[in-house]
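Presented below is the structure to which this report refers.
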Amino acid sequence: MSGSKSSDASFAHAASVPPEVASEHPLGLTVHTLPEAGGAMDAAQRTRHGRLKMLGVLLVCAAPVIASYFTYYVIRPEGRKNYGELIEPQRPMPAMAATTLEGVAGALVDLKGQWLLVSVADSQCDTDCQKHLYLQRQLRESVGREKDRVDWVWLVTDDKAPPAALEPALKQAQVRRVDEAALAQWLAPAEGQALRDHIYVVDPMGHWMMRFPARMDAAGAAKAKKDLERLLRASASWDEAGRPRKP
């Protein structure tokens with residue numbers, strides 16, 4: 001009986017020990033407070049809504065560009081045929097060095113922000129090269145008041161000086177010296193042609209998107225003008241004249 005009373009007393013003592021003391025027992029268990037399910041769901045919903053709003057803003061900003069290219073590339077009137085060859089997928093302008101004839105160092109991407117009519121040749125600029133430069137200038141002038149949205153560009157592939165006779169004609173051009181091997185990773189001729197045989201079209205975002213046929217003549221330039229005018233109309237809602245100022 002005395003043993004039974006002793007056991008009862010021990011049990012009663014253990015039951016009376018406060019939870020803080022009991023938790024120090026090696027076999028004690030601690031139950032941590034769990035977050036409320038409703039709060040976690042609210043936080044997840046807020047995050048999701050924030051992402052959807054951000055996506056919506058991006059879509060609104062990009063909508064004019066997307067619409068203009070959709071109009072040009074997809075919604076085409078029956079029977080319309082481009083003179084220039086569309087480049088699909090378009091090729092973004094590379095981050096490569098480009099130096100002016102005066103030796104001012106820069107980058108090719110400095111030319112972004114305008115529609116570009118681009119030709120490529122060495123500094124000696126033979127008859128075909130001079131014809132391209134003439135047609136580039138004429139194409140730009142032919143679009144009238146929209147010409148301020150277009151630049152004509154000559155990319156020189158060596159480090160020699162061009163003929164002095166060309167200097168007056170190049171005052172309105174953008175002339176840059178570039179590495180020909182690096183340039184060939186961006187622009188490309190049609191099969192069987194050389195890089196210098198074409199005039200290339202680059203959009204204001206720096207994407208090479210069209211290539212006119214090799215050794216284009218005056219009759220071809222009249223057809224190229226129609227392509228250029230369509231591009232300018234399609235991009236009128238988002239493209240403005242002049243390059244954006246650097247911050």
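Scanning segment 90-117 for residues that are under 14 Å from TRP208 (Cβ atoms) and out of contact with any strand residue (DSSP E or B) (no Cβ under 9 Å at 6 or more places or on another chain) gives a single hit, PRO94. Looking only at residues in segment 146-156 that are outside any strand (DSSP E or B) and acidic (Asp, Glu), the one that is surrounded by the most Cβ atoms within 10 Å (Cβ to Cβ) is GLU146. Hey, among the residues in segment 157-177 that are within 18 Å of ARG140 (Cα to Cα) and part of a strand (DSSP E or B), which one's least open to solvent (accessible area, probe 1.4 Å)? Going through the qualifying residues, I end up with VAL175. Checking each residue of segment 60-75 against the condition of being surrounded by 10 or more Cβ atoms within 10 Å (Cβ to Cβ) and either modelled with pLDDT of 95 or more or in contact with a Gly (Cβ under 9 Å, 6 or more places away or on another chain) (or both) gives no match.
Within segment 135-145, how many residues are surrounded by fewer than 19 Cβ atoms within 10 Å (Cβ to Cβ), in a helix (DSSP H, G or I) and touching a residue at least 12 places away in the same chain (Cβ under 8 Å)?
Selection size over segment 135-145: 3.
What do you reckon, is ALA190 modelled with pLDDT of 95 or more, within 19 Å of GLN90 (Cβ to Cβ) and loosely packed, with under 14 Cβ neighbours inside 10 Å?
Details: modelled with pLDDT of 95 or more: yes; within 19 Å of GLN90 (Cβ to Cβ): yes; loosely packed, with under 14 Cβ neighbours inside 10 Å: yes.
Against the criterion (modelled with pLDDT of 95 or more, within 19 Å of GLN90 (Cβ to Cβ) and loosely packed, with under 14 Cβ neighbours inside 10 Å), ALA190 qualifies.
Select from segment 82-131 the residues that are part of a strand (DSSP E or B) and either open to solvent by less than 20 Å² (accessible area, probe 1.4 Å) or charged (D, E, K, R) (or both) and list them in ascending order. Passing the criteria: GLU85, ILE87, GLU88, ARG91, ALA98, TRP115, LEU116, LEU117, VAL118, SER119, VAL120, ALA121.
Restricting attention to segment 178-187, which residues are of a type outside the set (A, V, I, L, M), open to solvent by 20 Å² or more (accessible area, probe 1.4 Å) and part of a loop (DSSP other than H, G, I, E, B)? Residues satisfying the conditions are ASP179, GLN185.
Scanning segment 153-173 for residues that are more than 16 Å from MET96 (Cα to Cα) and within 21 Å of the chain's Cα centre (by Cα) yields a total of 0. Taking the criterion of being open to solvent by less than 10 Å² (accessible area, probe 1.4 Å) and either among the acidic types (Asp, Glu) or under 26 Å from ALA95 (Cα atoms) (or both), the residues of segment 206-230 that qualify are GLY206, TRP208, MET209, MET210, PHE212, ASP227, LEU228. Taking first residues from segment 197-219 that are farther than 25 Å from MET96 by Cα and partners that are in a strand (DSSP E or B) and not small (Gly, Ala, Ser), the Cβ contacts under 9 Å between residues at least 6 apart in sequence or on separate chains come to PRO213/GLU85.
The values are calculated or read from the model by the stated rules, or taken from the named source; none is laboratory data. The structure displayed is predicted, hence computed values, not measured ones. Neighbour counts run over all protein chains shown; Cβ positions are idealised from the backbone, glycine included. We work out accessible area using only protein heavy atoms, side chains counted, and drop any ligands, DNA or RNA first. Shrake-Rupley method; radii C 1.70, N 1.55, O 1.52, S 1.80 Å.
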